[in-house]
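K.L.:
I'd like to ask you about the structure that follows.
Please treat every number below as a calculation from the coordinates, not as lab data. Keep in mind the model is a prediction, meaning the values are calculated, not measured. Glycine gets a Cβ as well: all are built from the backbone with ideal geometry, and neighbour counts include every protein chain shown.
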Amino acid sequence: MLRVVLVLLVFCVLLIRQANSHEESGEWSCESDSEIRVQAEFGPGLITLDGHADDWKDMDGFEFSLLPALDPDAENEYRGGKMTVKALHDGRDVFFMVQVDGDYAYSKGDNNKCPSVALMFQIGEDATYHSMGGCKEGVDSCTNKTCKGHEVDILHFSIGNAIPGRLYGGNPIDNRVGNGGDRFGHLVDLYAWTPHCRYLDGIGSSANDSSGQNDWKGAWWHSSFNVHSGFVEEDSPYASDGQKGTFYFEFSRPLRTMDRLQQDVQFTIGGSSKMSVAFWYPVDGKPWHGSGHYSVSCDWVPLDISLGSSVLTMARPRSSVSAASVFALLLSVISLCASVFIGYWVVKPHSVQFTPMENL
């Protein structure tokens, strides 16, 4: 009997260990590269938001290895290749290009069998990269008051219903409803305090606010496509699965938004923000799950919004002799000459030749 009890105890311990292996244990530790930075240079009129990378070819980016977000072990690095992140701003909008090496994979209508990408930004000063803001409150108690200071801003693009090269994100229909959704292409604008307290802009844990908007726009592409005139939905799946190449995800958003709910990050020219980038991929054709994403770092990555060159050009120094002054001077000289001539003609003696009467 005792032997049976011991066997059952050992079996229970093994089950508990197996269950705990799917949860994070102990304190989160991270050794990130302090030299990593994403620089958004100033460049007006350079970017067309279409998912193509041609506009970005002369711009520098930062190349990242992609490690699992929950267990950033180099042994589990994304096998498809690297991710390159580039950024630019034109004084009004900020643009991002996310390039990820990877074999083409697409399953229409099934987001989890297609690649997906997300950008996350710190809003609140206490918001941590780890645990998506790091608020300690549970699902039933996380609110904008109990989790104040832990807000993060998230863009998430799942391409299962998105046509390559077409624009998705904020649209009049969803913005009229007053939230950060996108019913057409699932390029959504969210905020969060923790992974379990994550909502579309304008939607809250207790009440909704109709002022929420989706301020992002974006498109995607893959280098294996041989059509550049434009796809339509009937062209799906647009290419054959397994083709070697690179995925391109291109996004833009105003530097400043109309947000008054602390749900959007606000960028400042000459300032710095904190960001991260996540990537989901159907490895071996298997659907990905929400927590099974790769990340560029185990901590925030600084994003610098460069001052760049001023778009204002200095006015040329005014000439001391303007055209109007020259014309006035010329008119004055002509007037003076005319006055002298008339005066001379009036005052000069006019001699009249004498003619005798008999010659008349």
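K.L.:
Where a Cα-Cα gap under 29 Å defines reach, which lysines qualify for Lys82, not counting those fewer than 8 residues away within the same chain?
P.N.:
Leaving aside lysines fewer than 8 places away in the same chain, those within reach of Lys82 are Lys57, Lys108, Lys113, Lys217, Lys244, Lys274, Lys286.
K.L.:
Quick check on packing: order 64-70, 189-195 by the mean number of other C-beta atoms within 10 Å, highest mean leading.
P.N.:
Order by mean packing, descending: 189-195, 64-70.
K.L.:
While we're looking at this one, here's another question. Using square roots of five times the C-alpha gyration tensor eigenvalues, list the equivalent-ellipsoid semi-axes of segment 250-297 in whole Å, biggest first. Spell out each step's value before the answer.
P.N.:
Details: eigenvalues 186, 33, 21 Å².
Result for segment 250-297: semi-axes of 30, 13, 10 Å.
K.L.:
Report P(r) for segment 74-119: all Cα-Cα distances, bin width 5 Å, range 0 to the bin holding the largest distance, values in whole percent.
P.N.:
5, 15, 19, 20, 18, 11, 8, 3, 0
K.L.:
Packing-wise, with mean Cβ within 10 Å as the measure, how do 71-83, 100-112, 161-173 rank, highest first?
P.N.:
161-173, 100-112, 71-83
K.L.:
Roughly how many debye, to the nearest 20, is the charge dipole of segment 56-113 about its Cα centre, given +1 on each Lys and Arg Cβ, -1 on each Asp and Glu Cβ, and no other charges? Walk me through the intermediate numbers first.
P.N.:
On the way: 7 positive and 12 negative charges, 60 e Å.
The calculated dipole for segment 56-113 is roughly 280 debye.
K.L.:
Then there is this: How far is it, in nm, from the label point at Glu63 to the one at His196 when both lie 7 Å from their Cα along the line to the Cβ?
P.N.:
4.1
K.L.:
Taking the Cα centre as origin and putting +1 on Lys and Arg beta-carbons and -1 on Asp and Glu beta-carbons, what dipole magnitude results for segment 154-220, to the nearest 20 debye?
P.N.:
180
K.L.:
Additional query: Using only the alpha carbon atoms of segment 83-171, find the Kirkwood hydrodynamic radius as the inverse mean reciprocal pair distance, in angstroms to one decimal. Write out the running numbers ahead of the final one.
P.N.:
Working: mean 1/r = 0.0632 Å⁻¹.
Taking the inverse mean of 1/r over all distinct Cα pairs, segment 83-171 comes out at 15.8 Å.
K.L.:
Please report the orientation-averaged projected area of segment 125-249, defined via the convex hull of its C-alpha atoms, in nm².
P.N.:
9.4
K.L.:
Mind listing the long-range amide H neighbours of Arg253? Cut-off is under 5 Å, sequence gap 5 or more, other chains count too, H placed in the peptide plane at 1.01 Å from N.
P.N.:
Those lying under 5 Å, H to H, from Arg253 are Val94.
K.L.:
Related question: At 7 Å along the Cα-to-beta-carbon direction for both Asp209 and Leu330, put a label point, then send me their distance in nm to one decimal.
P.N.:
Result for the modelled spin labels: 6.6 nm.
K.L.:
Also: From the mean inverse distance of alpha carbon pairs (Kirkwood) and the Cα radius of gyration, derive Rg over Rh for segment 178-300. List each step's numbers first, then the result.
P.N.:
On the way: Rg = 17.3 Å, Rh = 17.4 Å.
On the Cα set of segment 178-300, Rg over Rh gives 1.00.
K.L.:
Translational diffusion coefficient, Stokes-Einstein: compute it for segment 186-228 using the Kirkwood radius over C-alpha pairs as Rh, at 37 °C and 0.692 mPa s, and state it as an integer in µm² s⁻¹.
P.N.:
Estimated diffusion coefficient is 256 µm²/s.
K.L.:
Let me ask something else. Please give the FRET efficiency for Thr268 paired with Asp126, using the beta carbon to beta carbon distance and R0 = 25 Å, rounded to the nearest 0.05.
P.N.:
Working: r = 19 Å, r/R0 = 0.78.
Calculated value: 0.80.
K.L.:
On to the next question. Once you put a point 7 Å from the Cα of Lys244 and another 7 Å from the Cα of Arg92, both along the Cβ direction, what distance in nm separates them?
P.N.:
Inter-label distance under the simple model: 4.2 nm.
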